[in-house]
Amino acid sequence: MTAGLRLLEALATPHGVDRYLELVHPMLTLRELRGEVTSVHRSTPDTVTLTIRPTRRWRGFTAGQYVRISVDIDGVRRTRCYSPATSQHRADGRFELTVKAHESGLVSQWLHRNARTGLVLGLSQAEGGFTLPTPRPDKLLLISGGSGITPVLSMLRTLADEGHSGQVTFLHYAYRETDVPCLASLRALVSDNVRLVLAYTDAEGGDLTGFFDEDHLRTAAPWFADADTYLCGPPGLMAGVREVYAALGRTDRLHTEDFAPAPVTVDAAEVTGAVTFARSDRSAPNSGQTLLEQAESAGLDPAFGCRMGICFTCTRVKTTGCVRDLRTGEKSTDPDVEIQLCVSVPVGDVAIDL
Ligand SMILES: Cc1cc2nc3c(=O)[nH]c(=O)nc-3n(C[C@H](O)[C@H](O)[C@H](O)COP(=O)(O)OP(=O)(O)OC[C@H]3O[C@@H](n4cnc5c(N)ncnc54)[C@H](O)[C@@H]3O)c2cc1C
């Protein structure tokens, strides 16, 4: 921190300098990262594409990473993860997010309805390890479905900017052609070494029809066994691709990014006792669901972001009891430890400071 900024912070105590600067303009903040929407575009009926100009602390991103975006809805700050879809080399330092409006989704519906030029969003630095290696592989298969197109489209655009001359197939799944975001720009990326394969699950007219299977894989990229594959899409597509790669013994070449959590497998032996949300004075029998879902069922509204253990928005203190981490299977029995509600299931009685 510079001496000048330290002095300003001291003068602005206890609120911090950003609280004063944002009164002048929300993009003037020195510490908090923000992004201003500079254009809004709707390339399909249920998506909205926002171009974002970040404040000066932004450190850029690597294709395939995600950012956390925060918006205030009815006075409550809500945070969700979105993956930039633009090239990491874009010259003006801006990036695009394409958000699919989920039927009952809070933030995605809000953005779809309310995004406009000049809107200022809370922003995090880019995070995540779903990225291409350097040097770039000679053969690449990029597979996406629905809104999962964003991180792999960013990879494709980045490779184009780098003049990558290796073989790339971009295999994208959509219900029908009108549901493919950024289709014109995708088609413009096709070249001697870049092939676009569109698969429609609910309509004819694509290069392929129906859901992913081994035939689709062999048709789209006959050389897939020698390639690295990057995959992002809805749970059904993720499961289908993982299954085929496992059967073919190629899992080691498959790199994945999930937008949604895997379904919870409930262990009946652990579904005992009660869950207590001490601060809210609520208690209910343990249902076996995640602590986030049990809190929501108890009528609470804890902040959450990804619902799959990557963004830490739902971190709370477990004061007593045992929980199991859904991703690792590890149990935590110590009192007064921070846990992520979205990936923790109670094992017997548990009390949470919520
Ligand atoms: C790394 C990463 C990158 C992502 N990138 C993109 C992207 O580029 N584009 C994109 O469109 N999306 C992306 N997503 C998904 C995005 O973060 C959001 O999950 C999505 O927009 C839905 O958010 P929402 O607020 O609209 O829905 P939410 O309101 O969060 O609802 C989503 C689901 O959560 C569950 N849920 C919510 N509230 C409750 C409740 N009270 N009780 C029980 N269950 C509940 C429901 O199953 C619901 O269907 C990404 C996700 C991750 C993890």
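FYI, it's all coordinate maths here, none of it is from the lab. All figures in this text were calculated on a predicted structure; none of them were measured in a lab. Glycine gets a Cβ as well: all are built from the backbone with ideal geometry, and neighbour counts include every protein chain shown.
Provide the gained length on full extension for the span Thr209 to Asp138, in nm with one decimal, where the gain is 0.36 nm per separating residue minus the Cα-Cα distance.
22.8 nm
Any idea what the dipole of segment 3-123 comes to, in debye rounded to 20, about its Cα centre with Lys/Arg Cβ at +1 and Asp/Glu Cβ at -1?
240
Two decimals is fine: what's Rg over Rh for segment 268-352, C-alpha atoms, Kirkwood radius as Rh?
Across segment 268-352, the Cα-based Rg/Rh ratio is 0.91.
So how far, in whole Å, is the C-alpha centre of segment 101-166 from the one of segment 292-354?
When both Cα centres are located, 29 Å separates them.
Sequence gap at least 6, Cα distance under 8 Å: using those rules, report the relative contact order of segment 268-352 to the nearest whole percent.
Once normalised by length, the contact order is 37 percent.
From the residues Ser297, Gly75, Pro285, which one has its Cα farthest along the dipole of the chain in the positive direction, the dipole being from +1 and -1 charges on Cβ of Lys/Arg and Asp/Glu about the Cα centre?
So the residue we want is Gly75.
Mind giving me the FRET efficiency for Glu330 and Ala268? R0 is 22 Å, r the Cβ-Cβ distance, nearest 0.05 is fine.
E(calc), rounded to 0.05, equals 0.65.
If Rh is defined by the Kirkwood formula over all Cα pairs and Rg also comes from Cα, what ratio Rg/Rh do you get for segment 3-123?
Dividing the radius of gyration by the Kirkwood radius yields 1.01.
Just want the ordering: Phe130, Phe170, from fewest to most Cβ atoms lying within 10 Å of their own Cβ.
Ordered from fewest to most neighbouring Cβ atoms within 10 Å, Phe130, Phe170 come out as Phe130, Phe170.
Please get the size of the charge dipole for segment 139-258, origin at its Cα centre, with Cβ charges of +1 on Lys and Arg and -1 on Asp and Glu, quoted in debye to the nearest 20.
Roughly 160 debye, rounded to the nearest 20.
In sequence order, what are the phi-derived ³J(HN,Hα) couplings for segment 300-317 according to the Karplus relation 6.51 cos²θ - 1.76 cosθ + 1.60 with θ = phi - 60°, rounded to whole Hz, with x for glycine and proline?
After applying 6.51 cos²θ - 1.76 cosθ + 1.60, I find 8, 10, x, 5, 8, x, 9, 6, 9, x, 9, 9, 6, 4, 9, 5, 9, 8 Hz.
In a GNM of the chain with a 10 Å cut-off on Cα contacts, which of Pro133, Pro235, Pro84 has the highest mean-square fluctuation?
Pro133
Using Cα pairs under 8 angstrom and six or more residues apart, how large is the relative contact order of the chain, in percent?
Contact order relative to length: 12 percent.
Tell me whether the chain comes out rounded, prolate or oblate; compute the Cα gyration tensor, take square roots of the eigenvalues as a ≥ b ≥ c, and use a/c under 1.5 as the rounded threshold.
Oblate, because a/c is 1.5 or more while a/b does not exceed b/c.
I need Lys318, Lys139, Lys331 ordered by Cβ neighbour count within 10 Å, fewest first.
Lys331, Lys139, Lys318
Spin-label point model (7 Å from Cα, Cβ direction): what's the Thr251 to Glu32 distance in nm?
Each label point lies 7 Å from its Cα, and together they span 4.4 nm.
Test of understanding: ordering Ile310, Ile73 by Cβ neighbours within 10 Å, fewest first, what list do you get?
Arranged by neighbour count, lowest to highest, Ile310, Ile73 become Ile73, Ile310.
Tell me, what ³J(HN,Hα) does each residue in segment 324-334 have, in order and in whole Hz, if you take phi through Karplus 6.51 cos²θ - 1.76 cosθ + 1.60 with θ = phi - 60° and put x for Gly and Pro?
Result, rounded to whole Hz: 10, 7, 4, 7, 9, x, 5, 9, 10, 10, 5.
Would you kindly derive the ³J(HN,Hα) couplings of segment 37-52 from the backbone phi angles with the Karplus curve 6.51 cos²θ - 1.76 cosθ + 1.60 (θ = phi - 60°), listing them in order in whole Hz, with x for Gly and Pro?
6, 9, 7, 10, 9, 10, 8, 9, x, 10, 10, 9, 10, 10, 8, 10
Name the long-range amide H neighbours of Ser283: under 5 Å, sequence gap of 5 or more, or other chain; modelled H, no Pro or chain starts.
Here the answer is Phe277, since their amide H atoms fall under 5 Å of that of Ser283.
Which Cα, out of Pro45, Gly4, Gly105, lies furthest along the positive dipole direction of the chain (beta carbon charges, K/R +1, D/E -1)?
Gly4
How much space per residue, in cubic angstrom, does the convex hull of the C-alpha atoms of segment 165-243 take up?
Given the Cα convex hull of segment 165-243, per-residue volume reads 100 Å³.
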